[in-house]
Every structure is written in structure tokens, then in C-alpha cells.
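Below you'll find the structure, written out as C-alpha cells, and then a few comments.
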Amino acid sequence: MSNASRLQELNQRLEEIKQQQLSLDLTRGKPATAQLDLCNGLDGALQGDYRCADGTDSRNYGGGLGIPEAREFAAEYLDAKVSQVMVGGNSSLQLMYQYVVHAYLNGVSGPESAWVNDASNGERIKFLCPAPGYDRHFSVCESLGIEMIPVTMDENGPDMDQVESLLKSDPLIKGIWCVPKYANPNGIVYSDEVVARFARLGKIAGANFRIMWDNAYAEHHLADNPPELANLLALSEAEGTAANAIIIGSTSKITFAGAGISFIASAEENIKNFVAYLGISTIGPDKVNQLRHMRFIKNMDGLRELMQSHRNILQPKFELVLKHLDEGLGDKTVNGKAIGTWTRPQGGYFILFDTQPGLATRVIELCADAGVKLTPAGSTWPYKKDPANTNIRLAPSFPSLEEIDAAMQVFVLCVEIATLEQAA
Ligand SMILES: Cc1ncc(COP(=O)(O)O)c(C=O)c1O
């Protein structure tokens, strides 16, 4: 069949689908209700006993570093020492934002170290942004006027030659965003060599450089024998660069996305300074929530058991998306070129689809017209500019299997239509 008649046939099918007036959404990586239900035991976990392990009354003010049992747990979760860890409120994104503002305005170790001092004569401070990446990291930079420099990634993580050469040539680069395991959105797990090179960046970067190591998906496996991520903080300590490493995590995709607890770890001095900064705006985190989390999850064994239950819900959804991609597009070519490529993540919350160059916007538009909402094109790139216009982030966690099935039929159809339109 010629490209033109195939396009006509597919457009006809799309028109029929439009009659169904679908309203489907594959945008944000939210846990499904069934996942949230796994942790309903949080409600009532305290049974009136508000005392922490050290006797503190969790209901009262104070405890800026977090309650002792939550710090112990977070240390194990983040692979850090208890003294290097602080446990916060319901959002690790908020902790990251607060850390960047603290470094920018107050300084990581006093006013002389504030990044803002370096931005003179109209020059702006900068962050490296391995891309595609997490849109909300980029929003933090954008909101503060921090210039973002995209960095290429391959299956081992960011291109470290590029990272090192940029850092050597520009001391105004003050940070880098990373999602080192099951990265949002491409699912990459950074290789041991990449992590080892990260641990040495503090030696070549300008003053007060920070690696924002957002390990949001550390235990969020979708496969057996999950890959191990090397321990950046321990490697950095060995290199004498622990102050450059800021390790972050949360239970947002473990317990309740909107009411979990968040963690941050780094050199002790960093954490002390950061907690002092936070103390200006709050007289301590929500310790009651920290305590009920610890009573409910108990320990890392409890956490891993819970993550297996999440996997049982998530895995069929990921498999269904992949089935549609494999069967709908797997061996199809247009003018001799594959219609698209996609990731097969071993964990995390996303599948990344790449169209042929220049087509992501059109595919997303076609899907929207047929009632299937996708993350806007470019949103996984700094300034929302995907230079090749190919990335489409698929988030299968929230919709039901039936909804995914319907949405993915539309998606593969629209990808083929857009590709044929361009080839015409
Ligand atoms: C990489 C990454 N970091 C952080 C977050 C948000 O975490 P939290 O709910 O702890 O703010 C997300 C949520 O999608 C994420 O994908």
C-alpha cells in the first residue's frame, strides 16, 4: 500500500475514534488510587502514642533535623550516615527548591559563599541540565533566573566529558540536576564509572558547586535483579568532595504522594547550615507524619515489601504500553526509517518515546484532538525546547488498564499518521 492510501485509511480510523469523544490522560506520573490504598494503614498508625524513640512528643514544635527513627531510616534508604541526614515535610521538590534558594541567596556556608555574589556585571549563574530531564527541576532554575545548559545523555548517564569540560571552562556553573536511577523520563541508571566521575566534579568546578542528586526512584523497580546505583556520597567522601553532593529522596511514590516524608543527605556541615536556614521559616517539620510513617513502614524490609505491591500494580500497565508500541509500531518503517524508538525501563514511572525528528508536537496535537492528553512537547527540556522535537513522555501509572489500552491505540495511530504526513 502506498504511503498516501495508508494515511487516508489511518485518518479515517482516527475520525471514527473521535466520535467516541474520549477523555484520557497519560501526562503526570501520579500513583493510582489502588497504590495509595496500599498505605491507608498510615491513618491511625499512631493509636494515640505520639512519643518518638527518644521520648520527644512529636506533636510539639522543634526537631529541625527530623525525628531520630526517621533519620535512621532515611540514612539506610539514601545510603548515608545518620549524622548526614535530615528528614523534612511532604515534598522533596520543596527541599530541593529551598536548598537552591539557600545556596543562591544565603550561601551554603555563610554570606560570602552565596551564588548571587558571583553573578556580577549582568552575568548569570548557571546549572547543567542533563536532558531530557524532570521538568520541575528546570522550573526551579527558570524561576530564579539561573541559566540552564542542556547536557547530552546516553545509556550510562550524562556525557561526562561534556560535563567536565563545561565545568572547567566556567566557574559560574554552580550546579547540576540528576535523577540517577530510573531517570525521569528516560529510565536510565547511571553507570558506576559515571558516578565515580561525579564524585570528582567538586575538584574541577567553581566554588560552592552542588550536585542535586534526586534519587526519587531508588527502590521503584519494575524488574527482578534490579540494577545497583553506586553510592555518590560515600565516593565523594573518599574524594574529599562530600560537600558537593546533595542526595535527595522521598516517600511520595511509596506511601502518599501528597503526604509523604522527604529526605536530604550531604556532608554534616551542609545539613547543619541548611537546617539553620530552614529554621527561619519553620519551627520544625511535621514530626507526627514522620512518626506515623515509621510505625507503618517500620524498616527497609517493610519498604521493599510495599514496593513489591506497587510493582504488582504498575508492571501490567507498563507492559500494556510496551505491547501497544511493539505491536503497533515495532516493525513499521516509513521511507525505510523506523517510525519511533522507545525505552524499556527497569523501574521508575515513565516510558520515553522518540518520534522521527520534528514530530513530537504534531503527534501530541493529533492525540489531543482525539481526546488523549500527553505531556506537552518539549516539557522534558530546559526552557521547554526539545531541539529535535522528538521526545514524548508517557506516564502509565495513574490511568486504569482499560484507559491505557484505549489511549495507546490512539497514540500509535497518531504516531504513524504524523510520520506519514511528514514523509508525504
Ligand atoms: C525525579 C523526581 N523528583 C521529585 C519528584 C517529586 O517528589 P516529591 O513529591 O517528593 O516532591 C518527582 C515527581 O514526579 C520526580 O519525578
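Under a plain spin-label model, where a point goes 7 Å from the Cα along Cα-to-Cβ, how far apart in nm are D170 and K337?
So the label points at D170 and K337 sit 2.9 nm apart.
Which value does Rg/Rh take for the chain over its C-alpha atoms, Rh per Kirkwood?
Values: Rg = 22.8 Å, Rh = 22.8 Å.
For the chain, the value is 1.00.
In whole angstrom, how far apart do the alpha carbon centroids of the range 115-149 and the range 14-52 sit?
33 Å
Once Lys and Arg get +1 and Asp and Glu get -1 on their Cβ, which of Q290, L128, L93 lies farthest toward the positive end of the dipole of the range 42-298?
Value: Q290.
What nm distance separates the two modelled labels at M1 and I149, each placed 7 Å from Cα along Cα→Cβ?
Simple spin-label model gives 4.9 nm for this pair.
Provide the net charge surrounding L366, with neighbours chosen by a C-beta distance below 11 Å and charges set as Lys +1, Arg +1, Asp -1, Glu -1.
Residues close to L366 contribute a combined charge of -2.
In the range 177-247, which GluC sites (Glu not before Pro) fall in coil by DSSP and have 11 or fewer other Cβ atoms within 10 Å?
Listed in order of number, the matching sites are E228.
Under the classification rounded if a/c is under 1.5, otherwise prolate if a/b is larger than b/c and oblate if not, where does the range 345-421 fall, given a ≥ b ≥ c as square roots of the Cα gyration tensor eigenvalues?
Oblate, because a/c is 1.5 or more while a/b does not exceed b/c.
Given a Förster distance of 25 Å, report the FRET efficiency between N40 and M300 from their Cβ-Cβ distance, rounded to the nearest 0.05. Could the numbers behind the result be given before it?
Details: r = 21 Å, r/R0 = 0.85.
It comes to 0.70.
Mind pulling the angle between the C-alpha long axis of helix 300-329 and the longest principal axis of the chain? Nearest 10 degrees, somewhere in 0 to 90.
Here the helix axis deviates by roughly 20 degrees.
Tell me, how many Å apart are the Cα centres for the range 165-209 and for the range 302-363?
The range 165-209 and the range 302-363 have Cα centres spaced 27 Å from each other.
Would you work out which of A238, Y77, P171 lies farthest towards the positive end of the dipole of the chain? Charges go on Cβ: Lys and Arg +1, Asp and Glu -1.
P171
Q8 versus A388, label points 7 Å from Cα toward the beta carbon: distance in nm?
3.4 nm
Can you give the calculated 222 nm mean residue ellipticity of the chain, where each DSSP H run of n ≥ 4 adds -39,500 (n - 2.57) and the sum is split over every residue, rounded to the nearest 500 deg cm²/dmol?
Calculated mean residue ellipticity at 222 nm is -12000 deg cm²/dmol.
Readers should treat all values here as calculations from the given coordinates under stated rules, not as data from a laboratory. Bear in mind the structure is a predicted one, so any value in this text is a computation, not a measurement. With ideal geometry, Cβ positions are generated from the backbone for all residues, glycine too; neighbour counts draw on all protein chains shown.
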